[in-house]
Structure formats: C-alpha cells, structure tokens
Amino acid sequence: MIALDTHFWIWFHLGDPRLTDNVTSRIGRDTVVSTATIWEATLLLEKGRIVSEYSPQTTVQRWLDAAPMRIVPIDREIVFLSRSLSFLHEDPADRFIAATAFSCNLPLATLDGRLRSLTWLKTIC
C-alpha cells in the first residue's frame, strides 16, 4: 500500500511515462489519495497547467471513477500533524499530503525533493 503525491496521481491518469514502474506496480484500490491531491489537481486543471476537454471538476471526477482509490479526507488529526511535524516549507497541500501518508503509516510516492528529505516521512519513487 502507498499514498500518492499529486504529480504521481495525475501522471497515473494521464498515462505519463514519468510514472515509475515501482509506483505503478503498487497502485490499486488500497492506494491512498488525500483530498488535498484532488484539490490540487483541480487547481492545476483550472489554471490550464493540465489540459482536458472536460471541465476541471468533470475531469477529476472521471479520474476518481476510472480508478477507485482510498480517498482520505483532511480530518482533525491530519490538520494537527500538518502543523506539528517538521517541514522544510509551508506549502499547505504538501503538508496535508505528507501528513496523510504519515497518519496512514504509508510511504508517499513522490519526486518532490523537499518531501523526500523529511526524515520522518517514508517515500518511494
């Protein structure tokens, strides 16, 4: 089981070749996706950084329907972890995503060097 950072979740749905075999082989119904990832992907679509023929909300909903994964909401525990764990930066989405992986005791699939350097966070790529 793994948790996915936003870029890996998007790459999975776009069939992007940057998605590593190591991560691809671990993705399944028990894969964890933070609601922060869904929010961040929607923003990227709204800003045109990801192009789709559908609206951002429709695109994200299609992705959610196409490959059901375990969506973990940002609850009180994750909010508190996002502020109490030691981070190298203040990006709220990264903090929520990393706190979600930590809360679920799962490695986070990410290429983000700032997240990969956190000693308390297990990561894979």
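Any idea what angle helix 35-46 forms with the longest principal axis of the chain, computed on alpha-carbon atoms, 0 to 90 degrees, nearest 10? Computed tilt is about 40 degrees. Report the chymotrypsin sites (Phe, Trp or Tyr not before Pro) located in region 1-93 that are in a DSSP loop and have at most 16 other Cβ atoms inside 10 Å of their Cβ, or state none. Those satisfying the criteria are Y54.
With θ taken as phi - 60° and the Karplus curve 6.51 cos²θ - 1.76 cosθ + 1.60 applied, the whole-hertz 3J(HN,Hα) list for region 94-101 is 4, 5, 5, 5, 5, 5, 5, 4 Hz, x standing for glycine and proline. For the chain, the longest stretch holding no trypsin sites (Lys or Arg not before Pro) located in a DSSP loop with at most 12 other Cβ atoms within 10 Å is which? Free of exposed loop sites, the longest segment is 50-125.
The H on the amide N of A109, modeled in the peptide plane, is under 5 Å from the matching H of A3, L4, D5, I124, each at least 5 residues off or on a different chain.
When the chain is treated as a Gaussian network with alpha carbon springs shorter than 10 Å, the biggest mean-square fluctuation among S34, S82, S55 belongs to S55. Largest mean-square fluctuation among A99, A41, A66, in a Gaussian network model of the chain whose springs join Cα atoms under 10 Å apart, belongs to A66.
Helix-only arithmetic for the chain: the sum of -39500 (n - 2.57) across DSSP H runs with n ≥ 4, divided by the residue total, places the mean residue ellipticity at 222 nm at -13500 deg cm²/dmol.
When you filter the GluC sites (Glu not before Pro) in region 15-91 for DSSP loop state and at most 15 other Cβ atoms inside 10 Å of their Cβ, you are left with E53, E90.
None of the figures in this text is laboratory data; all of them are computed from the coordinates on show. No experiment lies behind these values; they were computed from the predicted model shown. Methodologically, a virtual Cβ is constructed for each residue, glycine included, from the backbone with ideal geometry; neighbour enumeration extends over all protein chains shown.
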